[in-house]
Every structure is written in structure tokens, then in C-alpha cells.
Amino acid sequence: MCSLIFKQNKQLGPILYPNNYIQWTVFILSILYFGIIATLFLLQRTTDNLPEMLGYDTSAHMMLEHKMISLQHLFSWNLRHPLLNLLFLPPLLVDYLLSFFNLNYKWEIFTIYSCLISSYTGVLLYKILSNICDKRTAILLLFMFYSFAHTILLSIQVDSFIFSMLFLVMLALVYITNKHNIYINNILFFTLVGTTSTNIIKFFIYSFFISHGRIKEALGTFFKSLFIFLCLFLLTIPDFFNRLFFQHLGLKYSLLAQTMDYRGTSLNKLYLFVTNFISEPFLFHYKDNLLYANDTINLPSYSSTLCNLVILIIICLSIYSIIINYKNKIVKLFIAFFSVDIFIHFVVGYGIEEGQLFCGHWFFFIPLLLGLLDTHTNNKYIKSIIRLQIAGSAAFLFIYNINCYLQSI
């Protein structure tokens, strides 16, 4: 068994870890970039006024006594985020050990952890980009992704979304490199579904795609990938029984807690789609105080039409890429995954009023779509125009979003 695990790890190493000079450089520079963002936040964070983080639950996880993320709740029942605590085990253990010395650096420990996760996600994204376009374009597109508003904001969050993004990027990398096997599929299922249970739909789509549309084979792949997740998930069931039979919380609350409280809206869905779900992940609406803004639903309008123009350019280029590359594996994966997100948020209505929170489930596909567009544009003149638009948009995003971030801390 140990030799099998060692063999699988040896095969996965070149896929999942930095394995050349450029990738290590990307990783180190990413740590430096996100580390600066994290350091600025930690130095300026006030204890009098907890950051709202535009709806992310970081402050609640850090400060509330009944917070979900803690060693005490390592195997607590949480149908929405079944095994999320396990993914936070490293900072939880460090924080626990420091508590013996009466040292409280919880915010610092967890923020640094998020910084590292964001950096590793960037390396995996670069690996995919370097598979679909030349290295200089890959670096440019990674820079664009790092300039997105919620790429910056996610890097200091203690929440499920940063893990969903990491493991969805990992899934995309495994998918396009055809390196899937039962071992990596078990890891992907455990991490994705353990982070957020609705990711089970996306994992089944992945199983369907790697089985070349053969439903029987897809079901076989899906069920063979459950082992690690089920072994760990079974450990949470006693807590469910405790809530149901000893605390007498009722079946609905014991099973779902407050999950269904975040469903539906009385606001205009199209407005929420354009403003919160699509635009906000690229460009902050708040020019200052965005970390401490109390209203995370009714976001203010952009101060300049240039903001809308840059977002429109990115969306139009992405749609054009989808049209001309509709048979590509990445495009098919994006369409399928994005459709799931639309169904969950705008049909079922879950989290619809704070759609910006869920960008980590899809917006990492944007640089991939633009990379495909660059690769499959043969006309040199048109390719130069597209690259100029990408470079200009990336520069604007970086300057605007970093300025908003600096003013907010």
C-alpha cells in the first residue's frame, strides 16, 4: 500500500508541483505578491471594527466563539461544507500549539495560509496556461488574473471559496493533461466535495468528460472516487445524531442548519447577475472602505464608464474565444461548470444576493479562455490587437484594484 502511494505521488509530482525554473519563479513571486497584500492588511487591521470583507465569512471564522473553523469542530456535521475543517488543519494546529504559550496570532497564521494557497493556485493556473499558449502570454494572463479584484480579496480570506478555486484549477489541470487515475480522482473528490457539497455536480461532469461521454463508465469513475471522502465523512455522522436525538434541533435544522436561509431575493436578478456576479469579481465597486463596507448586496455604481468598458472587453473576448474554440476541452468544461453555477445561484437562488462570493468557482477560466483565443488567432494583426487589449485591461485592473485595496485598509 505504501509503495503504491509513493508510486502515485511520484507520478503526480511533475503535474502538481513546480518542476522547473519558471514555475518556481512564478511560485516565489506569487508568494511575494500575495504576501505584501496580506501584510498590508494585517498591519492596518483594526480590532474595533471587524472587516466585512464584502460578504466573506472570515471575520466570523476568526472571532465568533461558535465559529465553524476550529479543532473542536474538526468532524462536526456540516452538509454544505462537509470536511472544510480538515483542509484548515495546518493553521489550526499551529494556532493550537501557540495557545499553550498564550500567543494569539490567529489572524496572521490563517492569512499567511491563504496567501500560500493563492500562490499555489497561481502556479497550477500557470501550468494550464503554458499548455495552451506560449509562456510570455501565459505570464501576461496570469498577471491579469492576479489583478482581478477578488483574486486580491480572496488571498486574505479564511473561507471555503479559496479551496474550491484551488481544487477546481487542479481538476482542470488533471483533465487537460489526461493524468487522471483512481488515486487523484479520490483526492479531487475528497477536496472538492469536502470543501463544498455542491461541487459533487462538477465532479460528476468531470467524470463524464474523462469517460468520453459514456455514462456507465462515468458512473464507475464517480463511485470509485468516493472512498477517501466517505471514510472521513462517516466521522461527522455522530455529530448529526447528537443534534437530532440529544439536542432535539429537529430534522431540517440538524441536516441543513441555516443553509436555506440564504436562498432567494426580492431584488432584480439581472441587476444582481451583472453587478454582483459578473462585474464585482473583476473590478471593485467600492473605491474605499471596501473591507469594512456594511452593504455587501447593493454595491455602488462605478465612478467611470471606463470600468464598464474594461469589463465588457474581457467578457467579449471570452465569449469570442468560446465561439471559436467550442470543441476545446477547457471551453466545454467552463460551459458545463458555469451552467451549474447559474443554476445554483439564479434558478435555485442560493446566495444570489452576494454573487461576488462565488467567483472563485468560475473566474479563473477567463485567462484560460483568453489563452485559447490567443493561440487560435492566426492573423498576426488581430492577434496583436487582442494582446494589446489584454495587456491594457490587465494594467487598468491592477492599478484600479490595488488602489481601491490600499484605500480600504
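The values are calculated or read from the model by the stated rules, or taken from the named source; none is laboratory data. Quantities reported herein were computed from a predicted structural model and do not represent experimental measurements. A quick note on method: Cβ atoms are made from the backbone with ideal geometry, for glycine too, and the neighbour counts reach across all protein chains shown. Just so you know, the surface numbers come from the protein's heavy atoms only, side chains and all, with ligands and any DNA or RNA stripped out. Shrake-Rupley method; radii C 1.70, N 1.55, O 1.52, S 1.80 Å.
Take residues that are at pLDDT 95 or above, under 26 Å from the mean Cα position of the chain (by Cα) and within 28 Å of F334 (Cβ to Cβ) and tell me which of the helices (runs of 4 or more DSSP H) falling wholly in the stretch 201-311 contain 3 or more.
Working: elements: 215-224, 227-233, 237-241, 251-256.
Counting at least 3 such residues, we get 215-224.
Given the stretch 55-128, what helices (runs of 4 or more DSSP H) lie entirely inside it while holding 3 or more residues that are open to solvent by 50 Å² or more (accessible area, probe 1.4 Å), free of Cβ contacts under 8 Å to residues at least 40 places away in the same chain and more than 28 Å from G351 (Cα to Cα)?
Working: elements: 58-63, 84-87, 89-99.
Filter on the stretch 55-128 gives 89-99.
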Checklist entry - Considering only the stretch 174-197, how many residues are under 15 Å from the mean Cα position of the chain (by Cα), crowded, with 18+ Cβ neighbours inside 10 Å and in contact (Cβ under 8 Å) with a residue 40 or more places away in the chain? => result 5
Checklist entry - Can you spot a residue in the stretch 372-386 that is farther than 22 Å from F204 by Cα, in a helix (DSSP H, G or I), small (G, A, S) and open to solvent by less than 10 Å² (accessible area, probe 1.4 Å)? => result no
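When you check I162 against the structure, is it free of Cβ contacts under 8 Å to residues at least 12 places away in the same chain and either open to solvent by less than 10 Å² (accessible area, probe 1.4 Å) or over 30 Å from S393 (Cα atoms) (or both), yes or no?
On the way: free of Cβ contacts under 8 Å to residues at least 12 places away in the same chain: no; either open to solvent by less than 10 Å² (accessible area, probe 1.4 Å) or over 30 Å from S393 (Cα atoms) (or both): yes.
Spelling it out, it is not the case that I162 is free of Cβ contacts under 8 Å to residues at least 12 places away in the same chain and either open to solvent by less than 10 Å² (accessible area, probe 1.4 Å) or over 30 Å from S393 (Cα atoms) (or both).
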Checklist outcome for this item: Scanning the stretch 233-267 for residues that are touching a Gly at 6+ places or on another chain (Cβ under 9 Å) and of a type outside the set (D, E, K, R) gives F233, L244, Y262, G264, T265
Item to check | Complete set of residues in the stretch 213-222 that are open to solvent by 40 Å² or more (accessible area, probe 1.4 Å) and touching a helix residue (DSSP H, G or I) at 6+ places or on another chain (Cβ under 9 Å) | outcome: R214, I215, E217, L219
Checklist entry - Does L50 count as over 23 Å from F167 (Cβ atoms), surrounded by 15 or more Cβ atoms within 10 Å (Cβ to Cβ), at pLDDT below 90 and of a type in the set (A, V, I, L, M)? => result yes
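For (1) of a type in the set (K, R); (2) in contact with a Lys or Arg (Cβ under 8 Å, 6 or more places away or on another chain); (3) under 26 Å from K327 (Cβ atoms), each residue gets a yes or a no:
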{"residue": "E353", "(1), (2), (3)": "no, no, no"}
{"residue": "Q356", "(1), (2), (3)": "no, no, no"}
{"residue": "D374", "(1), (2), (3)": "no, yes, yes"}
{"residue": "T377", "(1), (2), (3)": "no, yes, yes"}
{"residue": "I386", "(1), (2), (3)": "no, no, yes"}
{"residue": "Q389", "(1), (2), (3)": "no, no, yes"}
{"residue": "A395", "(1), (2), (3)": "no, no, no"}
{"residue": "L406", "(1), (2), (3)": "no, no, no"}
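For the stretch 396-406, what are the residues that are more than 20 Å from the chain's Cα centre (by Cα) and surrounded by 14 or more Cβ atoms within 10 Å (Cβ to Cβ)? Even if it seems obvious, please write down each step before you answer.
Step one: of the stretch 396-406, the residues more than 20 Å from the chain's Cα centre (by Cα) are 396, 399-400, 403-404, 406.
Answer for the stretch 396-406, where residues must be more than 20 Å from the chain's Cα centre (by Cα) and surrounded by 14 or more Cβ atoms within 10 Å (Cβ to Cβ): F396, Y400, C404.
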Checklist outcome for this item: Counting only residues that are in contact (Cβ under 8 Å) with a residue 24 or more places away in the chain and open to solvent by 30 Å² or more (accessible area, probe 1.4 Å), the stretch 302-345 contains a total of 11
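Output the residues belonging to the stretch 284-297 that are open to solvent by less than 80 Å² (accessible area, probe 1.4 Å) and of a type outside the set (G, A, S). Give the steps one after another, and end with the answer.
We begin by selecting, within the stretch 284-297, every residue open to solvent by less than 80 Å² (accessible area, probe 1.4 Å); these are 284-286, 289-293, 295-297.
F284, H285, Y286, N289, L290, L291, Y292, D295, T296, I297 - these are the residues of the stretch 284-297 that are open to solvent by less than 80 Å² (accessible area, probe 1.4 Å) and of a type outside the set (G, A, S).
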